[in-house]
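Here is the structure we will look at.
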Amino acid sequence: MKLENKIDVKVFILYLMNNVGEPLEFTTVNDIVVQDEFVNYFDFALCFSELLEAHQIDEISLEDGEEPKYVISQNGKETLDSYESSLLPVIRDRALKSAFRLIAYNRTGKRIKGEITECGEGYSLRCSIVDKTKTLFSVELYVAERAYAEKLKENFEDRAEIIYRGSLSLLSGDVDFIFDD
């Protein structure tokens, strides 16, 4: 599912910047917008430039040597209020989760990843949590059905920290974790 209409792309950019709620460098905004492949880089760059020219995004000046950061302007927030409902909820939700994950990774270096590959008559699902220097958690499963592998991958990506803590608890024999909230 791709956003190809310029208005949709602009609303998508404004939506993500508004919900992230903090000033971002251009490269971070780019990474957030294009990571789920709803928007390609060229559409992003063109629409971002137009939003900046239309004063829907403001550039924040920083100290010398620092890259400028960008925030959604009041004008951009008013535009978003009018058009936000035009974005499909599934796109909004998935993109926002991915945005927060990317920002967390940039801060801590931790990244959550699920990969499905065809394997014989089924599929191999590999789920991992990695940081900038090492793999913190990794598990690989054989699954017979693609749809089931997708469901497991999505659950892992949504709840990786809980799955990680649960695995540690099970491996250490401290199974009380399973019954905790």
Query raised in the report: Only one of (1) under 30 Å from Leu24 (Cβ atoms); (2) without any contact (Cβ under 8 Å) to a residue 40 or more places away in the chain; (3) crowded, with 16+ Cβ neighbours inside 10 Å; (4) among the β-branched types (Val, Ile, Thr) is not met by Val143, so which one is it?
Result: (1)
Report summary line: Scanning the range 1-28 residue by residue, those in a loop (DSSP other than H, G, I, E, B) and basic (Lys, Arg) turn out to be Lys2
Requested in this report: Return only the number of the condition from (1) touching a residue at least 24 places away in the same chain (Cβ under 8 Å); (2) in contact with a helix residue (DSSP H, G or I) (Cβ under 8 Å, 6 or more places away or on another chain) that Lys153 does not satisfy.
Outcome: (2)
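Are there strands (runs of 3 or more DSSP E) fully within the range 52-127 with at least 1 residues that are out of contact with any strand residue (DSSP E or B) (no Cβ under 7 Å at 6 or more places or on another chain)? List them. Talk me through it step by step, then tell me what you get.
Numbers: elements: 57-60, 69-72, 111-119.
Qualifying strands (runs of 3 or more DSSP E): 111-119.
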Query raised in the report: Within the range 117-128, is there a residue that is free of Cβ contacts under 8 Å to residues at least 24 places away in the same chain, acidic (Asp, Glu) and assigned by TED's automatic domain parsing to the domain that holds Val143?
Result: yes
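The values are calculated or read from the model by the stated rules, or taken from the named source; none is laboratory data. Since we're looking at a predicted model, the values are computed, not measured. Here the Cβ is made from the backbone with ideal geometry for all residues, glycine too, and neighbour counts use every protein chain on show.
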